[in-house]
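The values are calculated or read from the model by the stated rules, or taken from the named source; none is laboratory data. The model shown is predicted, which means the values in this text are computed figures rather than measured ones. So basically every Cβ, Gly included, is an ideal-geometry build from the backbone, and we count neighbours across all protein chains shown. When the accessible area is computed, the model is the full protein with side chains, heavy atoms only, and any ligands, DNA or RNA have been set aside. Shrake-Rupley method; radii C 1.70, N 1.55, O 1.52, S 1.80 Å.
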Amino acid sequence: MSRPAPIRSHFSASDPAVGNEALQQVYARARMGRVADPGTFRYSQDVHGDTDLSLGRMHFHGTVAGHLVQQQAYSVIAPTAGSLRWEIDDRPGTGPHPFLLQPGQHYYGESQGLSVDSANLGADALEEIARTVYGDERLTLGFGAPHPVSAQLADYWQATYTYVRHTLTDPATAGIALLRAELLRRLAVATLEAFPLAGDPHARRETVAARQAAYTAAVEFLHAAVSLPITLEDVARHAGVSTVELVRAFRTHAGLTPGAYLRGVRLAAAHQDLVAADPTAGDTVGSIAARWGFPHPGDFARRHRAAYGVHPSHTLRH
């Protein structure tokens, strides 16, 4: 379950040609067109993530027009400042709400003092998650429109993006592959829910016997792969069920979600590492917790104390 290497970059330029080259690092077939006043033009971008999920923050100072043909990713673009009038395959839009750009679509935009946040989700990764979430291995991913289904779901997507960005841009956590995998899942599910999927994905129904078999297979996989950056989709795919069915199986047979079960297994592994660690050799609670997917020391300490009755630093010292 290897994950792509992390990406982290920053760029700024006052030359439109140089800015266009930087923009093409994010959108290969992008082109800044008319710049009303090159003397006032400035462009900057920050990019974090990996090839499955990258987050961009871009600023276009001045009046700028541009176009692109989207390639092998789904992009959600959320204006945060300035004005933007856009067209996607001749469908117009404007305003502050996020909008979706699909592979193969043509985008044209005219902006003034524009700042945007963007999320680029790899087409293969998003389709794989969609197939597992909806329990349909034949699903061909596509969206019916660039606009969110509703203002409430647009807000839900934005809130999820804010959480993902906050975690992904933290140098202490961005390099942890299992966390990036979980962030990809969160934003992918939010995108699938917030924008109108084409067609009508159908949910499979599992018998009690099949659910028991799925639970057993999932538990065996979780214990065997606990040190890998696995996600809920990985577990569901291994067990041969959708994520919804996997959650039902765990609630039926364990009384908790598969995510909570995996956290418990990882907590146990972190506890064993604390027991075996040597603080004089540089081992720390924070490094051990992060290794097992617990980026926040306070949260890890609370969970460890609840499970083992002592603070993790006490276990490390003894």
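Hey, what angle do you get for helix 151-168 against the long axis of the chain, alpha-carbon based, 0 to 90 degrees rounded to 10?
70
About its Cα centre, how strong a charge dipole does the stretch 1-150 have in debye, to the nearest 20, once Lys and Arg get +1 and Asp and Glu get -1 at the Cβ? Could you put the intermediate results ahead of the total?
Working: 11 positive and 16 negative charges, 50 e Å.
So the dipole magnitude of the stretch 1-150 works out to roughly 240 debye.
Take the stretch 239-318, drop everything but the C-alpha atoms, weight them equally and run the Debye formula without solvent; then report log10 I(q)/I(0) at 0.22, 0.27 Å⁻¹ to two decimals.
-0.93, -1.22
So if each residue of separation counts as 0.36 nm, and I subtract the Cα-Cα distance between Arg251 and Arg317, what length gain in nm does that give?
Values: separation 66, 0.36 × 66 = 23.76 nm, distance 3.67 nm.
Going from the current span to full extension adds 20.1 nm.
Evaluate Rg over Rh across the stretch 43-92, taking Cα atoms for both radii and Kirkwood's formula for Rh.
Details: Rg = 12.4 Å, Rh = 13.0 Å.
Answer for the stretch 43-92: 0.95.
How much mean residue ellipticity at 222 nm does the chain get from its helices, if each DSSP H run of length 4 or more adds -39500 (n - 2.57) and you divide by all residues, to the nearest 500 deg cm²/dmol?
Values: 12 runs with 143 residues, N = 318.
Calculated from helices alone, the mean residue ellipticity at 222 nm is -14000 deg cm²/dmol.
Determine the per residue accessible area of the stretch 249-318 with all protein chains present and a 1.4 angstrom probe, expressed in square angstrom. Walk me through the intermediate numbers first.
On the way: 3630 Å² over 70 residues.
On a per-residue basis, the stretch 249-318 sits at 52 Å².
Helix 177-194: angle to the longest alpha-carbon principal axis of the chain, degrees 0 to 90, nearest 10?
That helix lies at roughly 60 degrees to the long axis.
Please compute, over every Cα-Cα pair in the chain, the percentage with a separation greater than 27 angstrom. Working shown, then result.
On the way: 25562 of 50403 pairs.
Result for the distance tail: 51 percent.
Around Thr80, which amide H atoms from residues at least 5 apart in sequence, or from another chain, sit under 5 Å from its own amide H, with H modelled in the peptide plane?
Ser115, Val116, Asp117
Using only Cα atoms and rounding to the nearest 10 degrees, what angle (0 to 90) does helix 258-276 make with the longest principal axis of the chain?
The angle comes out near 60 degrees.
How long are the semi-axes of the equivalent ellipsoid of the stretch 158-288, taking √(5λ) for every eigenvalue λ of the Cα gyration tensor, in whole Å from largest down?
Values: eigenvalues 178, 103, 19 Å².
So the three semi-axes of the stretch 158-288 are 30, 23, 10 Å.
So, counting K/R as plus one and D/E as minus one, what does the shell of residues with Cβ under 13 Å around Tyr74 add up to? Provide the component values of the computation, followed by the final result.
Values: positive: none; negative: Asp52, Asp124, Glu127, Glu128.
Once positives and negatives cancel, what remains is -4.
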